[in-house]
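The structure under discussion appears below in the form of structure tokens.
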Amino acid sequence: GAGAPELRFQLLLWPVTDARFDNASYTQFAQGYFLTQPMMKWFWDNYTTDAQQRADIHASPLRASAEQLKGLPPALVQTAEFDVLRDEGEAYARHLDAAGVEVTAVRYNGMIHDYGLLNPLAHVPTVHTALRQAGVELRRHLQ
């Protein structure tokens with residue numbers, strides 16, 4: 001809208017892109033991998049319990065059409081192998097690509113949700129690689 005800042009880049013680390021809980025990664029990693037399916041249901045319930053609001057593309061951008069996604073800024077989507085949000089993040093990257101948006105999608109194998117923010121993982125080389133990639137891409141798109 002008028003007066004809103006121009007979006008130049010989407011840096012999406014382990015993104016929430018849909019209010020549904022029925023994809024394969026939600027089933028496979030529902031428990032025992034840091035972020036659980038019940039936790040995500042709790043987060044969504046605290047955001048909104050209204051089904052219409054949850055389905056809105058501003059809350060669930062995975063549900064946007066290619067036409068609605070067209071013209072969005074370039075994106076880096078990082079996902080973690082052992083994360084309930086993995087499949088929806090990767091699906092969103094595919095939707096961006098189909099809409100003609102420049103997108104890079106990277107799955108970091110062996111990682112759990114929030115890997116870049118967890119102190120116990122700070123020494124893991126994969127975490128360093130992921131954060132370095134995020135920084136490089138952010139810098140490149142904002143210069």
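The values are calculated or read from the model by the stated rules, or taken from the named source; none is laboratory data. Values in this document were obtained by computation on a predicted structure and should not be read as measured data. Cβ: placed from backbone, ideal geometry, glycine included. Neighbour counts: every protein chain shown.
Summary table
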quantity	calculated
Candidates A2, A98, A93, filtered to the one that is small (G, A, S) and at pLDDT below 95	A2
Helices (runs of 4 or more DSSP H) contained entirely in the stretch 51-143, each with at least 3 residues that are over 24 Å from F21 (Cβ atoms)	125-142
Subset of the stretch 63-105 [under 22 Å from Q37 (Cα atoms) and either among the small types (G, A, S) or without any contact (Cβ under 8 Å) to a residue 40 or more places away in the chain (or both)]	A80, E81, G89, E90, A91, A93
Scope the stretch 18-55; condition farther than 17 Å from F82 by Cβ, under 18 Å from the mean Cα position of the chain (by Cα) and not hydrophobic (A, V, I, L, M, F, W, C); matching residues	D18, R20, D22, K41, Y47, R54
Answer residue from the stretch 50-84, given it is in contact with a Leu (Cβ under 8 Å, 6 or more places away or on another chain) and of a type in the set (A, V, I, L, M) and is surrounded by the fewest Cβ atoms within 10 Å (Cβ to Cβ) among those	L72
Of all residues in the stretch 12-35 being without any contact (Cβ under 8 Å) to a residue 12 or more places away in the chain and of a type in the set (S, T, N, Q), the one that is nearest to H58 (Cα to Cα)	T27
